[in-house]
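Down below is the structure, laid out as structure tokens.
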Amino acid sequence: MRFKQPSVLPGFNLSLGYTLLYLSIIVLLPLSALLIKTSALSWAHFWQIISEPRVVASYKLTFGASLLAALINLFTGLLVAWVLVRYQFYGKRFIDAMVDLPFALPTAVAGIALATIYAPNGWIGQYLEPLGFKIAFTPIGIVIALTFVTLPFVVRTVQPVLQDLEHELEEAACSLGATRWQIFYKVIFPTILPALLTGFALAFARAIGEYGSVIFIAGNMPFVSEITPLMIISKLEQYDYLGATAIAVVMLVVSFALLLLINGLQWWAAKRLGRRK
């Protein structure tokens, strides 16, 4: 008869029960309350709220800007992680610490700083305005703010994978006559692809719900630079709780669907990498 080995950590049943309880209280309970609150609306009223032209415009701006910011950080984040891992240079630790600055900096402070820089009378905006380039109070400013906030998610996700990557594989590929591009495309990229997709998903999810850093640089002009979180706040300030929950439910459903798709791609990439190994 085989006996279970004693362990310092709690058993499976206790760990699973605590995990499910914690997730239920922190995640499932608030989401359930949101759905239950929305169920008080009739389908016609629900559709009327979420299909208002102003709300639809905010959806397009929020998801479009979030997707664009995540895509930008998908490439720039990989570049920053690559430089921090592969090269030694003066000030490397300082730059490495700066990557975490959006984590530590309050989002409202980041928004004020970006508005100060890119406003028409700002440090950079005053030179771009005469050229016809307007960044603050436009969708471009929103993308910049979201890119600033979400950069660490991609860098910190890819960086450990690059550090653990075996250099012997690259040396073997080089000895077989592979070019630098072939080494990156055939050896390095398949290994870091799951981490890249994870960083992209985290950046995209973070950008969708961002409010503090965007509100100061967006200008909040209807049909131009008004994001969905601001629409929800406006509904709450008007004591229109049903309207706020209806808009929030749409964001929840679309975000969940997109994240499910990204996680599916991540699973496919990890499975494909496992087959190659």
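The values are calculated or read from the model by the stated rules, or taken from the named source; none is laboratory data. Bear in mind the structure is a predicted one, so any value in this text is a computation, not a measurement. Ideal geometry is used to build each Cβ from the backbone, glycine not excepted, and the neighbour counts take in all protein chains shown. When the accessible area is computed, the model is the full protein with side chains, heavy atoms only, and any ligands, DNA or RNA have been set aside. Shrake-Rupley method; radii C 1.70, N 1.55, O 1.52, S 1.80 Å.
About its Cα centre, what dipole magnitude does the chain give when the only charges are +1 on Lys and Arg Cβ and -1 on Asp and Glu Cβ, stated in debye to the nearest 20? Intermediate results must be reported in sequence, preceding the final value.
Details: 19 positive and 13 negative charges, 174 e Å.
Computed about the Cα centre, the dipole is about 840 debye.
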For Leu35, placing the label point 7 angstrom along Cα-to-beta-carbon and taking region 235-256, residues whose amide nitrogen sits under 16 Å are 245-256
Any helix of the chain counts here only if DSSP assigns it H throughout, its Cα atoms span 24 Å or more along the axis, and its mean Kyte-Doolittle hydropathy is at least 0.0, and such helices are 53-86, 139-164, 189-208, 241-276
Note to self: with every protein chain in place and a 1.4 Å probe, the chain gives an accessible area per residue in Å² of 62 Å²
In a Gaussian network model of the chain with springs linking alpha carbons closer than 10 Å, the residue among Trp47, Trp181, Trp123 that fluctuates most is Trp181
Stretched fully, the stretch from Ser42 through Ser175 gains (0.36 nm per residue minus C-alpha distance, one decimal, in nm) 41.1 nm
Rounded to the nearest 0.05, FRET efficiency between Leu20 and Gln182 (Cβ-Cβ, R0 51 Å) equals 0.65
GNM on the chain, Cα springs under 10 Å; top mean-square fluctuation among Arg54, Arg156, Arg93 goes to Arg93
In Å, the Kirkwood estimate of hydrodynamic radius for region 43-273 over Cα pairs equals 19.6 Å
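With a Förster radius of 35 Å, plug the Cβ-Cβ distance of Val253 and Gln126 into 1/(1 + (r/R0)^6) and report the FRET value to the nearest 0.05.
Calculated transfer efficiency: 0.25.
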One would report the Cα pair-distance distribution of region 83-172, bin width 5 Å, in %, as 3, 12, 16, 16, 14, 13, 11, 6, 4, 3, 1, 0
Comparing Phe12, Phe189, Phe133 in a Gaussian network model of the chain (Cα, 10 Å), the one with the largest mean-square fluctuation is Phe12
Length gained, Val56-Trp267, 0.36 nm per residue minus C-alpha separation, equals 72.8 nm
Summing -39500 (n - 2.57) over every DSSP H run of at least 4 residues in the chain and dividing by its residue count gives a helix-only mean residue ellipticity at 222 nm, to the nearest 500 deg cm²/dmol, of -23500 deg cm²/dmol
With all protein chains present, the chain has a carbon and sulfur share of its accessible area (1.4 Å probe) in percent of 70 percent
Toy charge model, Lys and Arg Cβ at +1, Asp and Glu Cβ at -1: region 74-193 dipole around Cα centroid in debye, rounded to 20, equals 280 debye
hull vol. (C-alpha, convex hull) per residue for region 1-137, Å³ -> 282 Å³
Rg (one decimal) and Dmax (whole number) from the Cα set of region 185-277, in Å, equal 18.2, 57
Partner aspartates and glutamates whose C-alpha sits under 16 Å from that of Lys235, ignoring same-chain residues fewer than 8 away, are Glu52, Glu226
